[in-house]
1. Please list, in chain and number order, the residues 5+ apart from Val121 or on another chain whose amide H is under 5 Å from its amide H, with Hs placed from the backbone.
2. Mind putting a number on the dipole of the chain about its Cα centre? Charges go on the C-beta only, +1 for Lys and Arg and -1 for Asp and Glu, and I need it in Debye to the nearest 20.
3. Express the carbon and sulfur contribution to the solvent-accessible surface of the chain as a percent, rounded to the nearest whole number, probe 1.4 angstrom.
4. Which residue, chosen from Gly37, Val128, Ala2, occupies the Cα position most advanced towards the positive end of the dipole of the chain, where the dipole is computed from +1 (Lys, Arg) and -1 (Asp, Glu) charges on Cβ about the Cα centre?
5. Taking Cα atoms, how many degrees apart are the long axis of helix 54-63 and the longest axis of the chain, rounded to 10 and kept between 0 and 90?
6. For Cα Rg over 2.2 N^0.38 Å, the choices are [x] 1.04; [y] 1.26; [z] 2.22; which was calculated from the structure?
7. Using a 1.4 Å probe, what is the accessible area per residue for the chain, in Å²?
8. Could you tell me how many degrees, from 0 to 90 and to the nearest 10, lie between the Cα long axis of helix 6-15 and the main elongation axis, the longest principal axis, of the Cα atoms of the chain?
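The values are calculated or read from the model by the stated rules, or taken from the named source; none is laboratory data. Keep in mind that what you see is a predicted model, and the values were worked out from it rather than measured. As a convention, Cβ positions derive from the backbone with ideal geometry for all residues, glycine included, and neighbour counts pool all protein chains shown. These area figures cover heavy atoms from the full protein model, side chains too; ligands, DNA and RNA do not enter into them. Shrake-Rupley method; radii C 1.70, N 1.55, O 1.52, S 1.80 Å.
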Amino acid sequence: IAGAGVGGLALANVLKKNPKFQVTILERTQSFKRFGGPIQLASNALQILKEMDNDVFDKVMQKFTFTGDKKNGIKDGIRDEWYALFDLASPAKARDMPYTGVIERPDLQDIYLDALPDGVVQNGDGVVGYE
């Protein structure tokens with residue numbers, strides 16, 4: 001797997017469960033540093049995350065801030081006027097899914113890193129090409 005971003009880590013976490021796969025992530029950085037801001041996870045993404053790995057999902061929920069249960073939309077910050085409102089709560093509730101929200105990207109990355117066995121991520125070993 002090329003890169004230990006959230007996508008690469010999530011893929012590795014799923015593939016490691018299949019005994020037919022030997023999973024390795026090639027990550028070009030020498031070490032991980034806390035970098036990046038919050039990432040929004042919509043209800044459908046959270047549902048998939050839960051289905052992929054319930055333990056990871058539970059740890060994400062411990063660090064998660066729900067926004068889908070609040071007023072959402074496009075707002076003029078100066079005039080305090082809403083231009084458009086987005087109903088994020090009703091679709092989630094109707095489908096018995098978690099509400100949309102945010103988690104700090106480094107926290108999500110740490111959760112996935114902790115879920116992987118030692119040696120899966122090879123730091124300082126970026127992909128230079130493919131065939």
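1. Here the answer is Ile25, since their amide H atoms fall under 5 Å of that of Val121.
2. Values: 16 positive and 18 negative charges, 21 e Å.
The calculated dipole for the chain is roughly 100 debye.
3. Values: 4540 of 8800 Å².
It is 52 percent, rounded to a whole number.
4. Selected residue: Gly37.
5. For helix 54-63, the angle is close to 50 degrees.
6. It is the value labelled [y].
7. Working: 8800 Å² over 131 residues.
Each residue of the chain exposes 67 Å² on average to a 1.4 Å probe.
8. That helix lies at roughly 60 degrees to the long axis.
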